[in-house]
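Asks: The structure follows.
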Amino acid sequence: MFRGNIEGGEGEAFAEIATELVGTDTWVLRTCSKDPTPELADDEQTLCLRIYLDPAALSAVSAPATLPIHGEAQVAVATSSTPATFTAGSGHSPVVTTAWASVVCYSLGRREPLAQQLEGRLELEHNAGGRLAGRVVLSLQGEMRVAQCKNFTSADFDYRFDVTHL
């Protein structure tokens with residue numbers, strides 16, 4: 001499940017997603033929806049979830065392991081590479097330094113910051129040899145739209161990933 005929920009109870013599920021692990025000092029487990037109709041320009045909305053990981057702390061974690069995610073993200077500029085400011089809640093794993101999501105579409109951009117509450121977990125099934133595999137189960141409440149897309153007010157994520165890092 002990779003779903004953005006719109007104010008008023010509607011939702012939009014994104015059937016195809018792609019996950020990658022990028023970065024050096026901090027690793028970002030970035031999962032974004034894919035364009036369902038690539039032959040049509042500027043018709044889609046893209047939902048992305050970013051989970052920032054401390055590589056040194058992650059290397060000390062043996063799989064299987066569950067890393068709780070609980071806290072509040074403040075995103076100043078969602079279209080930049082700067083991570084969100086994250087205030088960890090009770091029980092949050094120190095391996096996850098921040099997490100946040102955004103929705104973009106072909107529209108005018110927003111300027112105000114985004115505030116999000118996150119609750120869930122990162123389940124590691126494999127964490128060795130440059131390979132990271134597992135499952136993300138996460139709920140998010142708060143603003144996500146970077147552009148004047150639909151008014152997304154929450155999201156639900158439950159998906160598996162299997163990525164490598166050099």
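Asks: Amide H neighbours of G11 under 5 Å, at least 5 residues apart or on other chains, H built in the peptide plane: list them.
Replies: HN-HN under 5 Å from G11: I6.
Asks: Provide the per-residue ³J(HN,Hα) series for the stretch 83-93, in order, calculated from phi with Karplus coefficients 6.51, -1.76, 1.60 and θ = phi - 60°, each as a whole number of Hz, with x at glycine and proline positions.
Replies: 3J(HN,Hα) across the stretch 83-93, in whole Hz: x, 5, 7, 10, 9, 6, x, 4, x, 5, 6.
Asks: Next question, about the same structure. Using θ = phi - 60° and the Karplus relation 6.51 cos²θ - 1.76 cosθ + 1.60, list the HN-Hα couplings for the stretch 19-31 in order, rounded to whole Hz, with x at every Gly or Pro.
Replies: Coupling constants for the stretch 19-31: 10, 9, 10, 10, x, 10, 5, 10, 9, 10, 8, 10, 10 Hz.
Values quoted throughout were computed directly from the atomic coordinates according to the rules given, and no laboratory measurement underlies them. Quick caveat, the model's predicted, so the values are computed rather than measured.
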